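Notes to accompany the following structure.
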Amino acid sequence: MADSDYESVLCVKPEVHVYKIPPRSSNRGYRAAEWQLDQPAWSGRLRITSRGNMAYIKLEDKNSGELFAQATVEQFPGIAVESVVDSSRYFVICIEDGNGRRAFIGVGFADRGDAFDFNVALQDHFKWVKQQTEFAKQAQNPDTGPKLDLGFKEGQTIKINIANIKKKDGESSAAKPRPLSSGPSLLPPPPGARTASHQVTPQPAAAATGLLFDIGSFPSTGEPAASSDTWGDFTKASGSVSGQQSSGWVQF
C-alpha cells in the first residue's frame, strides 16, 4: 500500500458555522459583514485531513459524523481557501459534490483560537509538501560538481604554534615544595605599637626569713642615722611609746 493511501488528521474543531455568501462584486475580496452572521445556514464539526500532498476540509455532523461538504485544497493560500478582508475568524472555501460541481461558501469560527489553528494546520501541511518536493529534486539531481578536498596529501604535515607557553628542557612542571621552617614563626609587632620605656629590675629577696617589708625602702626623715647598725634600736625595749623615733627607723 502506498503512502498516499494513508489519511492523516491535521486539525479538528467541534464547532463551525456555514454561511451563504453573495457573489463577489469586485476584486476587493470577500467581506464577512455581508453574510448575515446571526443566521448561519448550517453548523457542525470541521476536520482537516491529508492524503499525500493534498489536504481536505470536511464539514461533518457533530453527532453522526455524516459528511455535509468537502473542499479539496491543492495549495495554500489559493482559490480553494481565501480569507475575508474584514475579519480573521471567517474564510471562503470552494466545496465539491463529487460530480464536478463547485460552490463557494463562507465558514466561520466563534473563537479566534480555532480560526488560528485552522490557518496554521494548512500552512504547516503545505510547508511540509514543499520540503518533500525539494528533497525529491535533490535526490534525482545530485550535485556532480567538483568537491573541495580537505584531506592531507602524502607526506604533508601541519604545524601548530601555541603562544605564551615556554618550558626549559628538563624542567619539571610540578611546583617546588616550600622549605619547612625550623622554628615558630614570629609575627612582627603591629605598626604604631610602642615599646616599654623602662625595664623592671628584679629586687633581691630579703635576707631575713620572717621579714615581710623592706625596711630600707621607707623614706628617711632627713636626719642622719645614729648608728651604723642596720637594725638600730629595733630590738631594744622602750619605756615610752609616745612618738620616740630612732634615726631613720620607725619604732614599733
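The values are calculated or read from the model by the stated rules, or taken from the named source; none is laboratory data. Computed from a prediction, not measured in an experiment: that's the story for all the values here. Note that each Cβ is placed from the backbone with ideal geometry, even for glycine, and that neighbours are counted across all protein chains shown. The protein model used for the area step is the full one, side chains on, heavy atoms only, and it has no ligands, DNA or RNA in it. Shrake-Rupley method; radii C 1.70, N 1.55, O 1.52, S 1.80 Å.
Can you give me the long-range amide H partners of Asn53? Hydrogens built in the peptide plane at 1.01 Å from N, cutoff under 5 Å, separation of 5 or more residues or another chain.
none
How much of the accessible area of segment 61-138, in percent, comes from carbon and sulfur atoms when a 1.4 Å probe is used?
48
Can you tell me the length gained on complete extension of the stretch Glu134 to Val120, counting 0.36 nm per residue apart and subtracting the Cα distance?
2.9 nm
List the residues whose amide H sits under 5 Å from the amide H of Tyr30, counting only those 5 or more places along or on another chain, with H placed 1.01 Å from N in the peptide plane.
Val85
May I ask you to give the solvent-accessible area per residue for segment 1-157, in square angstrom, as obtained with a 1.4 angstrom probe?
Result: 67 Å² of accessible area for each residue.
By average Cβ neighbour count within 10 Å, what is the ranking of 152-161, 8-17 from highest down?
Per-residue Cβ counts within 10 Å, averaged per peptide and sorted highest first, yield 8-17, 152-161.
So, counting K/R as plus one and D/E as minus one, what does the shell of residues with Cβ under 15 Å around Tyr19 add up to?
Once positives and negatives cancel, what remains is -1.
How big is segment 17-160 by Rg and Dmax over its Cα atoms, in Å?
Expressed in Å, the Cα Rg and Dmax of segment 17-160 come to 23.7, 85.
Could you derive backbone 3J(HN,Hα) for segment 60-69 from the dihedral phi with the Karplus parameters 6.51, -1.76 and 1.60 (θ = phi - 60°), listing whole Hz in sequence and x where the residue is Gly or Pro?
With the stated coefficients, segment 60-69 comes to 10, 5, 4, 8, 8, x, 5, 6, 9, 7 Hz.
For Gly108, what is the net charge nearby, where nearby means another residue's Cβ is under 15 Å from its Cβ and Lys, Arg count +1, Asp, Glu -1?
-2
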